Amino acid sequence: MSSEIRLTGGAVVTQDAARRVIECGEVAFDPATGKITYAGEVRGGEGDSSGAAGSGRLGAVTDVTGCVVMPGLVNAHTHSGMTPLRGYAEDMNLQDWLAKVRAFEVRLTAEDLRAGLELALVEMLKTGTTTFADMFLWDRRMLESVVTSGMRVLAAPAIFGYDAVGYPAASPSDGRAVLDLTERLAAEFAGDGQIRLAFGPHAPYTCTPELLADVAARAGRLGLPIQIHLSESAPEVDSCLRDYGRTPVAHAAACGIFDHPVLVAHCAHPTDAEIELLAGADAAVAHNPVSNLKLGAGVAPVRRFLDAGVRLGLGTDSVASNNNLDLFEEIKAGILMQRGVHRSPDIVRSGDFLDMATCGGAAAVRFPEVGVLEAGRPADIVILDATGTRATPLYDATSYLAFAASGSADVRDVYVGGRHVVAGSRVTSLDEAAVRERVAHTAARVRRELAATAT
């Protein structure tokens, strides 16, 4: 008998080249290899799955009638260790927000950050995200937490300057040490299906041109990608012009950053020339609509990016500037933001943002093999319960995913590489209650410390 696991009867959103939506479909995978073996109409005839399962020709069947089946979501930009700061710094502009957040995060220990990461992993899995790109403190133990969860990550250990110690309560490492650590971790996890490394220079306003050029040289020598924040806000652009005579994207290019694969976070204020530069380079932009709206940082020119052929992903940023990691909210908010700003209901399609959260985002974060339901691809699969009020009636599964679906309410099951990591809305790979308790203790302790220093 075949070892296939068959998910039959649901509406299947493939996100393949044809962007098929199969009203009564089937996705099958081999749990031994973790690869999809079939995606299409239900084999054996619509609804005829039980007989096939007993025939020895097809494998074990799970009936997902009343559900929508889609690829795992890809969060193209976040800082997952920051979950202890959820809701801490509110109603501030970006510059004031950064200062308040920094005072908190420098007090976080390595165990605090690991707990914060694991809470983010739980939240992402429960809302349908299976792959993410992240810039924060990373070490071997943090990466092992990702492996345990079952998720995939493009991890960029953050660098704030050669001499800057980014997380003094967690690690004594300065920027030079983090650069070397990134190289060691990349070698250690080379070929791993879940872990990929990137260099993480934070931004031009924290990293000197010499450091950016060093990162570019190392990326070229090792073949590693780069993650960097660029043009998040208008004041950032102004300061870069004042300090270097160039806008942030142009400045990063002058330092050699765009000679290598790059994932740019935000890019809400690019010039036309910079958009052309991004389109011509091996670069991707991680658009973060909710974070940008919450901080009043601006609205990225998504239509101009799409028209120019810039590769786009969709990110949440951290929960400190967003408050949750639900990518379905980003899809809806991102579409509505563009339509409202441009006063045009067809400036972007719902499918544009669904692409950014799946296949497009996968390419952006250098996991191009995921984000699609297609034979031979990794079995990263999300099943949403579409029997509730938000999905009734279900005329169009794509419209439901873009405008009505809620990750926290509707995601029922998640597979990553064929591993069942969310079953019946419960994460099976991590202890959610224990992780939540650890983060709550962390938040309470740091707030006490900050209150004590203020008196």
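Coordinate-derived values only; no laboratory data. Because the structure is a prediction, the values reported are computed rather than measured. Positions of Cβ are generated from backbone atoms using ideal geometry, with glycine treated the same way; all protein chains shown enter the neighbour counts.
Some values worked out for this structure:
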quantity	calculated
Interchain or long-range residues, amide H under 5 Å from Ala286's placed H	Val264, Ala265, His266, Gly313
C-alpha center-to-center spacing [the range 288-340, the range 393-424] in angstrom	20
Charge context of Pro168, other residues only, Cβ under 14 angstrom, K/R +1, D/E -1	-3
Sequence ranges 103-109, 365-371, 410-416, 421-427, ranked by mean other-Cβ count within 10 angstrom, highest first	410-416, 365-371, 103-109, 421-427
Sorted peptide list for 441-447, 375-381, 399-405, criterion being average Cβ within 10 angstrom, highest first	375-381, 399-405, 441-447
Kyte-Doolittle at least -1.0, axis length at least 18 Å by Cα - qualifying DSSP helices, the chain	110-126, 175-188, 209-222, 327-342, 432-454
Packing-based ranking, highest mean first, of 179-186, 112-119 given that Cβ atoms within 10 Å are counted	112-119, 179-186
Note, ³J(HN,Hα) from phi for the range 159-172, Karplus 6.51, -1.76, 1.60, rounded to Hz, x at Gly and Pro	10, 10, x, 4, 9, 7, 9, x, 9, x, 7, 9, 7, x
In order through the range 225-231: 3J(HN,Hα) via Karplus (6.51 cos²θ - 1.76 cosθ + 1.60), integer Hz, x for Gly, Pro	x, 10, 10, 7, 8, 9, 6
Euclidean distance between Cα centres, the range 136-187 to the range 368-382, Å	28
For the range 73-364, convex hull of alpha carbons as volume per residue, Å³	112
Whole-Hz couplings from phi, Karplus 6.51/-1.76/1.60, listed for the range 25-31; x for Gly and Pro	x, 9, 10, 10, 8, 9, x
